[in-house]
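Input: a single structure, listed below in structure tokens.
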Amino acid sequence: MSEQDMASSEEIMWEGRFITAKRRGRWEYVGRARGIHAAVILAVDEAADGRHVLLVDQFRVPLGRRCIELPAGLVGDHDEGEEAMLAATRELEEETGYLASRMETLGEFYSSPGMVSESFTLFRAHGLVKTGEGGGVDGEDIRVHRIALADINDRIAAWRAEGFAIDVKLLLLLGAGIVG
């Protein structure tokens, strides 16, 4: 981006309930409307049967298929003053049926900064307790997966072969990421 583009004021081209299409100079990008951002949860169950990560899959309209993801949700979409950690705790239980005794903030991240201004706060969930089946709230079709960390590479490869999309945040589990 040129300095001239950076000095340009931001123009809103279109705004919906959840996203806003914007332009700054010649650069077009998308952001979340109303200051909404996301909370993403890395939940590793340290149980007697070993270490397992909680993943979810759901149909994603932009991809036209189901996507394997870390549990996540929007912060402030219903309550403008909502704290990210509270949203992360709520979303983890709604989506997976697990409650964390403690959430650790791992920082703010951007998934596709050349196209989207949205950020997410990554949380690590500790002390997991199963409270229900998960699956999300009414209208969501979220499937929960509890996968042994030792099997994660093979499982992601199998999902990919079955036609699932794989969220970029799963790189945390595949490389020299947070889980070790």
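Peptide packing: for 83-90, 103-110, 142-149, the average count of neighbouring Cβ atoms within 10 Å per residue gives the ranking 83-90, 142-149, 103-110, highest mean first. Look at where the Cα atoms of segment 39-71 and of segment 119-180 average out, and the two centres are 2 Å apart. When the Cα positions of 21, 159, 58 are compared along the charge dipole of the chain, 159 comes out farthest toward the positive end, with charges on each C-beta of Lys, Arg, Asp and Glu.
Among 132-140, 65-73, 92-100, sorting by the average number of other beta carbon atoms lying within 10 angstrom of each residue, highest first, gives 92-100, 65-73, 132-140.
A simple spin-label model places the labels of residue 108 and residue 82 1.8 nm from each other, with each point 7 Å out along Cα-to-Cβ. For the chain, the fraction of 1.4 Å probe accessible surface lying on carbon and sulfur atoms is 52 percent. If R0 is 35 Å, the Cβ-Cβ spacing of residue 48 and residue 160 corresponds to a FRET efficiency of close to 0.70. Residue 140 to residue 11: FRET efficiency via 1/(1 + (r/R0)^6), r the Cβ-Cβ distance, R0 41 Å, to the nearest 0.05? FRET efficiency, residue 140 to residue 11: 0.75.
Per residue, the solvent-accessible area of the chain (1.4 Å probe, heavy atoms of protein chains only, all protein chains present) comes to 55 Å². At the listed q of 0.10, 0.11, 0.12 Å⁻¹, the Debye profile of segment 1-145, built from one uniform point per Cα, gives log10 I(q)/I(0) equal to -0.41, -0.49, -0.57.
The values are calculated or read from the model by the stated rules, or taken from the named source; none is laboratory data. Please read these numbers as outputs of a predicted model, since none were measured by experiment. Quick reminder, even Gly has a Cβ in these numbers, built from the backbone with ideal geometry, and neighbours come from all protein chains shown. Only protein heavy atoms, including side chains, enter the accessible area calculation; ligands, DNA and RNA are left aside. Shrake-Rupley method; radii C 1.70, N 1.55, O 1.52, S 1.80 Å.
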